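Comments concern the structure below.
The values are calculated or read from the model by the stated rules, or taken from the named source; none is laboratory data. Since the structure is predicted, the reported quantities are computational estimates derived from the model, not experimental observations. Quick reminder, even Gly has a Cβ in these numbers, built from the backbone with ideal geometry, and neighbours come from all protein chains shown. For the accessible areas, the whole protein counts, side chains as well, though only heavy atoms, and no ligand, DNA or RNA atoms are used. Shrake-Rupley method; radii C 1.70, N 1.55, O 1.52, S 1.80 Å.
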Amino acid sequence: GQQLNQSPQSMFIQEGEDVSMNCTSSSIFNTWLWYKQEPGEGPVLLIALYKAGELTSNGRLTAQFGITRKDSFLNISASIPSDVGIYFCAGSKYMYSGGGADGLTFGKGTHLIIQP
Amino acid sequence: EPEVTQTPSHQVTQMGQEVILRCVPISNHLYFYWYRQILGQKVEFLVSFYNNEISEKSEIFDDQFSVERPDGSNFTLKIRSTKLEDSAMYFCASAASETGELFFGEGSRLTVL
């Protein structure tokens, strides 16, 4: 099946720092999504990307859909304590933010830890 | 705000026992999903369900698994004879349309001893 390689696996940063994480795939996805998961909860959608080269922002979050359709990055600027959590990239082979009948393929996640 | 709810939040069972995990999707949603997350690993697609039948299933979703929508509100995942490797967090998700955003529940943690 399709695999997403997400890095880094974890990040230890100081409050106020910028954060960058990325995902790569050996195969093409037509939709890239970024989710955040907090302890004891399910993943929550942060940003959805539908077009190669697309750069989308949501507050302090910025994500890009790579031109080759095989990669995406997520940046968080000026991190705050509530940014702590696990960030997952996910891909869909359709232009569907839910993945359609085939569902989504998830990366292994980036665990963001913010040190006081 | 409408949300997907799951019960139980945590279930401990003996190997070989049957388990039923329950989900109440968002009320006007038509597409339903189960995903699994083994501790420390990625979220994995199990099955999608629409119009009272399975749309797609992954290779993880073998004959030990089944899904059902027994009434207008519940969506269940049954594991017929649990194995140790079934221990995971199981997430239910629903979407209003095939193209729409997935909304995940809080998950049901299954521990098989």
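Largest GNM mean-square fluctuation among B:76, B:99, B:13, using chain B with Cα springs under 10 Å: B:99.
Peptide A:16-26 has a mean of 0 when you count, residue by residue, the C-beta atoms of other protein chains within 10 Å of its C-beta.
Note on residue A:9 and residue B:66: the model spin-label points, each 7 Å out from Cα along the C-beta direction, lie 3.9 nm apart.
Inter-chain Cβ neighbour count for A:103-116, averaged per residue, equals 3 (cutoff 10 Å, partner chain atoms only). Look at the dipole of chain A built from charges on Cβ: of A:40, A:59, A:88, the Cα furthest out on the positive end belongs to A:88. When the Cα positions of B:58, B:76, B:95 are compared along the charge dipole of segment B:51-98, B:76 comes out farthest toward the positive end, with charges on each C-beta of Lys, Arg, Asp and Glu. For the protein assembly as shown, the list of Cys residues with no other Cys C-beta under 4.7 Å is empty.
As a length-normalised measure over Cα pairs under 8 Å and 6 or more apart, the relative contact order of chain B settles at 38 percent. Counting lysine pairs in chain A whose alpha carbons fall under 14 angstrom apart, excluding pairs fewer than 8 residues apart on the same chain, gives 4.
In order along segment A:34-46, the Karplus-derived 3J(HN,Hα) couplings, from 6.51 cos²θ - 1.76 cosθ + 1.60 at θ = phi - 60°, round to 10, 10, 10, 10, 9, x, x, 10, x, x, 10, 5, 9 Hz, and Gly and Pro are given as x.
Counting only protein heavy atoms and a 1.4 Å probe, tell me what percentage of chain A's accessible area is made up of carbon and sulfur.
Numbers: 2730 of 5210 Å².
Roughly 52 percent, rounded to a whole number.
Note on residue A:94/residue B:38: beta-carbon distance plugged into 1/(1 + (r/R0)^6) with R0 of 25 Å gives a FRET efficiency of 0.45.
Can you give the FRET efficiency to the nearest 0.05 for residue B:51 and residue B:7, using r as the Cβ-Cβ distance and R₀ = 30 Å?
Values: r = 24 Å, r/R0 = 0.81.
It comes to 0.75.
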